[in-house]
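Trainee: Mind having a look at this structure? Questions to follow.
The values are calculated or read from the model by the stated rules, or taken from the named source; none is laboratory data. This one's a predicted model, so the numbers in the text were calculated from it and none came from an experiment. Note: ideal-geometry Cβ built from the backbone for every residue, glycine included; neighbour counts use all protein chains shown.
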Amino acid sequence: MPTDPDLPPPRIGPQRPAQEAADAAAKPADGQAGPELARAVLDAALAKRRAAQRPGRRGAGEGSGRRLRGYSGPGPDPRDPQLLGAVLERLMKARGWEKPKAEATVFGAWEKVVGADIAKHSRPVKLDDGVLTVEAESTAWATQLRMLAASLLRNIAGEVGHNVVTKLNIHGPAAPSWNKGPRRVQGRGPRDTYG
């Protein structure tokens, strides 16, 4: 039986129509060139992709190992509602805000950190580079706090974490001083003010 080279080969066995279209489009017809040839190749690729995407639906019991989109299931899921405190903790850790949070805790929860009796007679003033400046209500309390400095540092480290406060600078009630200070101006001082 003679075969014509322009005719497609005869079908042997069942073929899917999408596969036939892909095979036919893959072999360009005579006379196609330029945009027509590109369109034929594109149609062939699309038909081949559609044929590969329809392997047949599986039942719900036959798992393919993939979860359906939008399905949560009985276990915990990242899309489940979260506790606000847990979300804030993750945010602080991700942004690197743990040290500023610990420093703020020293000032905000001073009574909890050092105890009610000490907090009643002292207050934190500033925290710079791990050095906490504490102001006592009297010089007697300042002396007592200096003797308790090691235990205060342990309490602070236990409450807010290690290396947040490394040293305590304790002083009595502040009186105005024109001799010392970070913003002192050289000169005669208050002599010419009080006359």
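Trainee: Being within 30 Å of Val87 (Cβ to Cβ), in contact with a helix residue (DSSP H, G or I) (Cβ under 8 Å, 6 or more places away or on another chain) and modelled with pLDDT of 90 or more narrows it down to one of Glu159, Glu111, Glu98, Glu137, so name that one. Please lay out each step first, then the result.
Mentor: Details: Glu159 fails: modelled with pLDDT of 90 or more; Glu98 fails: modelled with pLDDT of 90 or more; Glu137 fails: within 30 Å of Val87 (Cβ to Cβ).
It is Glu111.
Trainee: Among the residues of the stretch 74-89, is there at least one that is closer than 30 Å to Arg123 by Cα, at pLDDT 80 or above, under 43 Å from the mean Cα position of the chain (by Cα) and hydrophobic (A, V, I, L, M, F, W, C)? Can you show your working first?
Mentor: Within the stretch 74-89, the subset closer than 30 Å to Arg123 by Cα is 85, 88-89.
Restricting the remaining residues to those that are at pLDDT 80 or above gives 85, 88-89.
In the following step, the residues that additionally are under 43 Å from the mean Cα position of the chain (by Cα) were identified as 85, 88-89.
Filter again for hydrophobic (A, V, I, L, M, F, W, C), leaving 88.
Checked against the condition, which is being closer than 30 Å to Arg123 by Cα, at pLDDT 80 or above, under 43 Å from the mean Cα position of the chain (by Cα) and hydrophobic (A, V, I, L, M, F, W, C), the stretch 74-89 yields at least one hit.
Trainee: Within the stretch 151-165, how many residues are in contact with a Gly (Cβ under 8 Å, 6 or more places away or on another chain), outside any helix (DSSP H, G or I) and either under 15 Å from Phe107 (Cα atoms) or free of Cβ contacts under 8 Å to residues at least 24 places away in the same chain (or both)? It would help to see each step written out before you state the result.
Mentor: Here is the first cut: in the stretch 151-165, the ones in contact with a Gly (Cβ under 8 Å, 6 or more places away or on another chain) are 155, 163-165.
Remaining after also requiring outside any helix (DSSP H, G or I): 163-165.
Cutting the leftovers down to either under 15 Å from Phe107 (Cα atoms) or free of Cβ contacts under 8 Å to residues at least 24 places away in the same chain (or both) gives us 164-165.
Residues that pass the stated criteria total 2.
Trainee: Within the stretch 126-148, which residues are surrounded by 14 or more Cβ atoms within 10 Å (Cβ to Cβ), over 28 Å from Leu91 (Cβ atoms) and of a type outside the set (Asp, Glu)?
Mentor: Taking the stretch 126-148 as the starting set, the residues that turn out to be surrounded by 14 or more Cβ atoms within 10 Å (Cβ to Cβ) are 127, 132-136, 141-142, 144-146, 148.
Right, trim to over 28 Å from Leu91 (Cβ atoms) and you get 133-136, 141-142, 144-146, 148.
Hits for the stretch 126-148 are Thr133, Val134, Ala136, Trp141, Ala142, Gln144, Leu145, Arg146, Leu148.
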